[in-house]
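One structure is given here, and the rest of the page talks about it.
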Amino acid sequence: MKKIKLTTLLLLTLLFSFSILNATDVKPDDIIGTWLIEEDDKPIEKIEIYKTNDLFFGKIVWMYQEDSTASPLLDIKNGKKELKNRQLLGLEILKNYKFDGKKTWKDGKLYAHRKGRTVSPKLTLIDYNHLKVQVKILFIKKTFTWTRVTTE
């Protein structure tokens, strides 16, 4: 009987220790870096995520353009007429994200310029090189995966 209790206690201790280690694997600044967004397996833009005070922000640092001599891409889908002529490159599209202490950043806003609307997705680090962006609007969930850009 004592052997079973000792084994159970040891197993519970190991499980508890593993969950504590797992919870502390992700640090708030692990989201900082440049992330590639792909659509239909083609790169369409890169977002640089950075920290200001204790909040996280992101701006567009690269966008795919078929013609490199074309004029800059503009925010033409914006609902506000006065913003339709602003350049997308350099635009801050992620604002005020907070780390939840585990592996998710939330309570921020993402301007989805391809749709012309602002949403509040949850950002979850899948692993060091993959960020899950989960948008929930009413009963519809859409998930995207961004890939960290690493320099070689």
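The values are calculated or read from the model by the stated rules, or taken from the named source; none is laboratory data. Treat the numbers as computed from the prediction; the structure is a model and nothing was measured. We place every Cβ from the backbone using ideal geometry, glycine too, and count neighbours over all the protein chains shown.
Annotations
- Qualifying residues in the stretch 45-88 (those that are of a type in the set (S, T, N, Q) and assigned to a strand (DSSP E or B)) - the one surrounded by the fewest Cβ atoms within 10 Å (Cβ to Cβ): Thr52
- Residues that are closer than 15 Å to Asp100 by Cβ and in contact with a strand residue (DSSP E or B) (Cβ under 6 Å, 6 or more places away or on another chain), drawn from the stretch 31-70: Ile31, Leu55, Phe56
- Checked against (1) in contact (Cβ under 8 Å) with a residue 40 or more places away in the chain; (2) within 17 Å of Glu39 (Cβ to Cβ); (3) surrounded by 17 or more Cβ atoms within 10 Å (Cβ to Cβ), Pro121 passes all but condition (1).
- Any hit, the stretch 27-34, residues being at pLDDT 95 or above, in contact with a helix residue (DSSP H, G or I) (Cβ under 7 Å, 6 or more places away or on another chain) and surrounded by 15 or more Cβ atoms within 10 Å (Cβ to Cβ): no
- Against the list (1) touching a His at 6+ places or on another chain (Cβ under 6 Å); (2) under 18 Å from Asn129 (Cβ atoms), the condition Asp75 fails is (2).
- Filter result (modelled with pLDDT under 95 and either aromatic (Phe, Trp, Tyr) or at positive phi (or both)) within the stretch 35-52: Asp40, Asp41
- Of the residues Lys103, Lys98, the single one that is under 22 Å from Lys27 (Cβ atoms) and at pLDDT below 95 is Lys103.
- Selection over the stretch 96-118 of residues that are touching a residue at least 40 places away in the same chain (Cβ under 8 Å), surrounded by fewer than 16 Cβ atoms within 10 Å (Cβ to Cβ) and assigned to a strand (DSSP E or B) gives a count of 2.
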